[in-house]
1. Does ALA239 count as crowded, with 19+ Cβ neighbours inside 10 Å and over 22 Å from VAL152 (Cβ atoms)?
2. With the condition kept exactly as written, say whether any residue in segment 91-98 is closer than 18 Å to SER163 by Cβ, touching a helix residue (DSSP H, G or I) at 6+ places or on another chain (Cβ under 9 Å) and surrounded by fewer than 17 Cβ atoms within 10 Å (Cβ to Cβ).
3. Residues to consider are ALA281, ALA274; find the one that is at pLDDT below 95, within 12 Å of ligand 1 (Cβ to nearest atom) and in contact with a helix residue (DSSP H, G or I) (Cβ under 6 Å, 6 or more places away or on another chain).
4. Quick check, is LEU125 of a type outside the set (Phe, Trp, Tyr), surrounded by fewer than 20 Cβ atoms within 10 Å (Cβ to Cβ), at pLDDT 95 or above and more than 21 Å from the chain's Cα centre (by Cα)?
5. Do any strands (runs of 3 or more DSSP E) entirely within segment 1-86 hold 1 or more residues that are among the charged types (D, E, K, R), at pLDDT 95 or above and loosely packed, with under 15 Cβ neighbours inside 10 Å, and if so, which?
6. With (1) under 18 Å from ALA50 (Cα atoms); (2) modelled with pLDDT of 95 or more as the list, and THR245 as the residue in question, which single condition is left unmet?
7. Hey, could you check segment 219-229 for residues that are in a strand (DSSP E or B) and within 9 Å of ligand 1 (Cβ to nearest atom) and say which is farthest from VAL159 (Cα to Cα)?
8. Can you pull out every residue in segment 117-140 that is closer than 23 Å to TYR288 by Cα and touching a Leu at 6+ places or on another chain (Cβ under 7 Å)?
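The values are calculated or read from the model by the stated rules, or taken from the named source; none is laboratory data. These figures come from a predicted structure and were not determined experimentally. Backbone-built Cβ (ideal geometry, glycine too); neighbour counts: all protein chains shown.
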Amino acid sequence: MTTDPQPSGNGAHHASPGEPPVIDAQQLLAPANASAPPPPEVASAIADAASTIGFFQLTNHGMDAAVLQRMTRAMHSFFDLDLETKLQARRSETNAMGYAHDELTKQTLDLKEVFDVSRVPHPELPDTDPLNKTIEGFNLWPPGQDEFRAAVLAYYREVERCSFQLLEAFCAGLGMERTALHHLFEGQHTGFLRLNHYPLAHPLAQQAGKPQELMGVHHHTDAGFLTILVQDEVAGLEALAADGTWHLVRPIDGALTINVGDLAQVLSNDRFKAPLHRVRASRERRRYSAPFFFNPRPDADIAPLPQFVDDMHPPVYRPINWGQFRSKRYEGDYADKGEEVQISHYRLDRIGSKEQRQQQQQVAT
Ligand SMILES: O=C(O)CCC(=O)C(=O)O
Ligand SMILES: [Fe+2]
């Protein structure tokens with residue numbers, strides 16, 4: 001049973017304590033509002049959510065519903081293809097985009113299959129033209145799937161447009177000029193769209209003493225700045241709240257689910273929180289989702305912004321070069337190369353770094 005959302009002070013609604021707020025976005029993402037400042041109460045509700053649970057849901061958002069629906073249909077047909085066809089667009093160690101059914105999170109196999117698509121720098125040129133290679137590699141497409149390609153690329157352009165508008169609301173919520181962070185993304189952002197399909201969990205998985213097999217995605221934070229997620233009606237996504245308990249991020253028809261990424265946490269010097277989240281696998285229903293990871297230019301050096309640093313709030317992180325961080329992270333997704341790189345490795349107090357833990361152990365023993 002679900003409870004009716006309760007209104008809170010700034011127009012956001014919480015279903016229950018710890019559950020991400022549902023925010024009426026007042027058409028924040030509509031093209032007509034591209035040059036308008038984000039409504040202050042929307043920016044403030046976003047900032048409240050971003051600085052507490054790190055997740056929120058946007059209703060009445062203004063993204064093009066027809067483009068979204070077309071992508072969703074194409075995603076279902078794609079995952080229904082036979083494995084052999086999907087494997088023709090299989091990603092590799094040197095090409096992060098394309099199809100995979102063997103992704104690792106925290107060195108553990110996730111129960112899902114994915115298809116990743118990045119920005120196309122020169123849409124007028126063939127997909128395989130060297131000028132269309134980004135730090136993610138080339139986009140790979142299964143043969144004979146023209147509608148899938150067209151639908152996915154149309155959605156990519158739409159969610160990319162919305163990401164810039166949402167970035168402005170994040171900036172406004174942090175009390176900054178709304179275009180203050182555009183330079184980190186403009187021209188060469190490395191945002192990518194992921195299509196996720198979570199097949200049914202095997203009924204014997206838990207009995208076999210392997211509860212980890214019941215996770216669609218193991219707990220993680222998203223590495224980029226922000227994520228715009230479309231989830232279907234099958235529940236499964238959970239976020240870790242400050243009290244240490246997992247809360248369902250319930251699917252809401254027509255809403256966009258947004259979460260803070262690691263880089264927004266770093267830039268805001270820990271004001272915004274990148275939440276740990278995971279996806280439970282279901283034994284009853286297959287689940288589909290489509291996150292867009294809004295990531296900066298490869299040459300962006302991300303560090304706490306001066307306005308969030310003072311005597312009381314010293315910088316928490318040293319600069320992170322995005323291009324290097326992303327490629328290290330991908331190595332961990334693709335194959336077990338040891339501990340996955342995290343922003344905690346860049347903390348100046350070095351809490352959580354391997355070196356520090358080893359040092360602490362040496363001191364303790
Ligand atoms: O499927 C979902 O709801 C979320 C997936 C996710 O967290 C991810 O792909 O990073
Ligand atoms: Fe995620």
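1. Yes, satisfied.
2. No, segment 91-98 contains no residue that is closer than 18 Å to SER163 by Cβ, touching a helix residue (DSSP H, G or I) at 6+ places or on another chain (Cβ under 9 Å) and surrounded by fewer than 17 Cβ atoms within 10 Å (Cβ to Cβ).
3. Sole residue among the options that is at pLDDT below 95, within 12 Å of ligand 1 (Cβ to nearest atom) and in contact with a helix residue (DSSP H, G or I) (Cβ under 6 Å, 6 or more places away or on another chain): ALA281.
4. Taking the combined requirement at face value, the residue satisfies it.
5. none
6. Condition not satisfied by THR245: (2).
7. Across segment 219-229, the extreme among qualifying residues is HIS220.
8. Within segment 117-140, just VAL117 meets the criteria.
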